[in-house]
Amino acid sequence: MESIAALQASVTAAAFDGEPSDAELDAIGREMPLILADVDLLDAQIMTIDRTPTELDERRIRRARRRVLAARRALANTATAGEVA
């Protein structure tokens, strides 16, 4: 019976150095506005977990949702614009 370590060399294409590639870093950079908008939405929702949301909390969550949708739209538009061009 062969050990898993003996089979790893044939399965693994290349050694993983632990660092993201340039393409991955570019993708993260393009998605950063959406990531930050999602974090803002989560922050707004977390603040209201243990209490009843006030009117101000509801507005903050609504604005954060709009920012997430706007960031998603912008990311989708740039992705489709890149495919068309």
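The values are calculated or read from the model by the stated rules, or taken from the named source; none is laboratory data. In this text the structure is predicted, and so the values were computed from the model without any measurement. All Cβ positions, even for glycine, are placed from backbone atoms using ideal geometry, and neighbour counts span all protein chains on display. Keep in mind that these areas ignore ligands, DNA and RNA; they rest on the heavy atoms of the full protein, side chains included. Shrake-Rupley method; radii C 1.70, N 1.55, O 1.52, S 1.80 Å.
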**OP:** Express in Å², to the nearest 10, the accessible area of R73 obtained by rolling a 1.4 Å probe over the protein heavy atoms while all chains stay in place.
**Re:** 150
Original post:
Taking a label point 7 Å from the Cα of R30 along the Cα→Cβ vector, which residues of region 55-74 have an amide N closer than 13 Å to it?
Top reply: 74
Subject >> Long-range amide H partners of T48 with built H, under 5 Å >> reply: none
Subject >> List V39, V68, ordered by accessible area with a 1.4 Å probe, largest first >> reply: V39, V68
Original post:
What net charge do the residues around I46 carry, taking every other residue with its C-beta under 12 Å from that of I46, with Lys and Arg at +1 and Asp and Glu at -1?
Top reply: -2
**OP:** At 1.4 Å probe size, with no ligands or nucleic acids counted, give the accessible surface of M32 in Å², nearest ten.
**Re:** 70
**OP:** Please work out how much accessible surface T78 shows to a 1.4 Å probe, ignoring ligands, DNA and RNA, in Å² rounded to 10.
**Re:** 90
